[in-house]
């Protein structure tokens, strides 16, 4: 069903109607597991990127979306996610969240690609926000490379007839990042923060976005004002930080 929806629906819409482009795809390995880390401007990235790629991409979705217990619409969503082979991700935190990574790690162990939005939610204003450490936890536990990707112009705009549309979105793929020296240290807080910041810095280098040292959700939901967010702008993620010490042999 994944290939059916991709070739019959999403690729024609993205490529020919939206005129979306993907550059740098040669940086995505032809085989083997990898994490694709993308800045998050709009929901359209979840289908534009897989539509344009040659390889299959799995985007973990909130575990509750797979339940289908909130009416007809939720049942359709749950059916679609399962039909195209997406996997649930438990975001409740703590040990439950660690256990909830298992479906994602299984995809990587089988040589698949997993897509992650490290910011955790869409940017409220187009700036790049602090990455959550799940991307590092997954990459280090599975010992796979992270591929930074920058999204441009994926937000919905109003067309001439007032119809919401995405116009000429672009996705740019950067060179792989690999952290073999820290493999297996997915529970070390200093390590996963540093790795996450390195991934976010690579995304920023591709996107040219202004970086804010705060979580996007804090601005999106009002716990951080616009002035406070402005004061937290930094030249890059992890600005001034040094790599964690390597584990002793």
For the chain, calculated [θ]222 nm from helices alone, where every DSSP H run of n ≥ 4 adds -39500 (n - 2.57): -8500 deg cm²/dmol
Region 177-244: translational diffusion in µm²/s, Stokes-Einstein, Kirkwood Rh over Cα pairs, 10 °C, 1.306 mPa s: 119
FRET efficiency for residue 106 and residue 225, using Cβ-Cβ distance with R0 set to 35 Å, rounded to 0.05: 0.25
Length gained when the stretch residue 143-residue 70 is fully extended (0.36 nm per residue, less Cα-Cα span): 22.6 nm
Ordering of 1-8, 207-214, 155-162 by burial proxy (mean other Cβ atoms within 10 Å per residue, highest first): 207-214, 1-8, 155-162
Cα centroid separation, region 124-199 to region 3-26 (Å): 20
FRET efficiency, 1/(1 + (r/R0)^6) with R0 22 Å, evaluated for residue 156 and residue 16 via beta carbons: 0.75
Region 1-67 shape via C-alpha gyration tensor axes, a/c threshold 1.5: rounded
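Quick note: the coordinates plus some simple rules give every number you see, no bench work behind them. All values derive from a computational prediction rather than experimental measurement. Positions of Cβ are generated from backbone atoms using ideal geometry, with glycine treated the same way; all protein chains shown enter the neighbour counts.
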